[in-house]
Amino acid sequence: MDKSKQPFRKYKRSFRRRLPPIGPGDRIDYRNMSLISRFISEQGKILSRRMNKLTLKQQRLITLAIKQARILSLLPFLNNEKQFEKAEPIPGTIRPRTRNK
């Protein structure tokens, strides 16, 4: 059979189903910190659904649980500890002010 006369075939790739990150026994709740902390980045941001590999319903429940935990002070709103530290000035960048008379 000539290449030009071959029927169009889609590339068949083996599909391996990934295990969901939330098991059937895991309860999505604001008190379940071990579960919630898996879906927060180092900066304290909620990770996207694509990165989490969650369903839409699970992502909504995780988002609500994270927001409730933040309001109840179980989680910080920001997880950036360097923000509160005073940075040392770089030598030569800060000049003392002089008045011209």
Which distance in nm do the two modelled labels at Asp29 and Ser73 give, with both placed 7 Å along the Cα-to-Cβ direction? 2.2
So how do Arg31, Arg70 rank on accessible area, 1.4 Å probe, biggest first, that is with the largest at the start? Arg31, Arg70
Using just the C-alpha positions of segment 33-72 as equal point scatterers, what log10 of I(q)/I(0) does the Debye formula give at each q in 0.16 1/Å? -0.34
Label-point separation, Ser41 to Thr55 (7 Å along Cα→Cβ), nm: 2.7
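The values are calculated or read from the model by the stated rules, or taken from the named source; none is laboratory data. Computed from a predicted structure; not experimentally measured. Using ideal geometry, Cβ is built from the backbone for each residue, glycine included, and neighbour counts are taken over all protein chains shown. For accessibility, only protein heavy atoms count, side chains too; no ligands or nucleic acids. Shrake-Rupley method; radii C 1.70, N 1.55, O 1.52, S 1.80 Å.
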